[in-house]
1. Place a point 7 Å from Cα of Ala63 in the direction of its Cβ. Which residues in region 35-57 have their backbone N less than 20 Å from it?
2. Computed FRET efficiency, Cβ-Cβ of Tyr190 and Ala82, R0 22 Å: what is it to the nearest 0.05?
3. Which length gain, in nm to one decimal place, applies between Asp22 and Glu121 when the Cα-Cα distance is subtracted from 0.36 nm times their residue separation?
4. At 1.4 Å probe radius, can you tell me the per residue accessible area of region 77-142 in Å²?
Amino acid sequence: MGETTGDDESAAGIRASDAERDATVERLSAATGDGRLTLEEFSQRMERATAARTRADLDRLVADLPADAAAAGSAVTSGTSAPPSWHISPVGGLRINGPWRMDRHMIVVSIVGGARLDLSEAQLAAPEVTLTKVSLVGGTRVTVPRGIRVEVSGFRLIGGTRVEGGSEPGPGAPTINIRAFSLVGGVRIYRSRATPAVTSDPAL
């Protein structure tokens, strides 16, 4: 028994390679797309994975996830797409924070009113999700933890795109596509390590 324990300890101390770190991040990303991890949990584990020194450090990050998480995530992505979820309000908008689940495609339509989504505690219905925002007047504000990829497209006559709080992550990270169309109203992306405090924003 003593020799087996020693072998296990020796194996646990083996240095992790870049490929092993990337594989762990992909597994975490797939688990996030399956709804097993919130975006904040993914962000925290992703940072620990990229800084991991040994295989044991990586193993601890996925100990509570199924071994086939990556395969399951791919199967879900390649399956039949669910219908989009619609949120329509002539005057007002949409504000969501706290624990919630973001559908594969969310559509927000209003005449006057913005969309403010805090994804810190959110779960994603798929590794890649889309928010489509259509309004005459109203901006789009999304808060995401670090390590989440955000792609912005659309048309805004008045109002630009502003990304704060860090650079874009690398390939393999969960992706949020934001398609914003408005005459007046910009897009702001905030990134944070912890759940951010919601502040008043007259534009939304």
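The values are calculated or read from the model by the stated rules, or taken from the named source; none is laboratory data. Since this is a predicted model, take the numbers as computed values, not measurements. Here the Cβ is made from the backbone with ideal geometry for all residues, glycine too, and neighbour counts use every protein chain on show. The protein model used for the area step is the full one, side chains on, heavy atoms only, and it has no ligands, DNA or RNA in it. Shrake-Rupley method; radii C 1.70, N 1.55, O 1.52, S 1.80 Å.
1. 36-38, 41-57
2. Plugging the Cβ-Cβ distance into 1/(1 + (r/R0)^6) gives 0.20.
3. Separation in residues times 0.36 nm, less the Cα-Cα distance, equals 33.3 nm.
4. Averaged over the residues of region 77-142, the accessible area is 45 Å².
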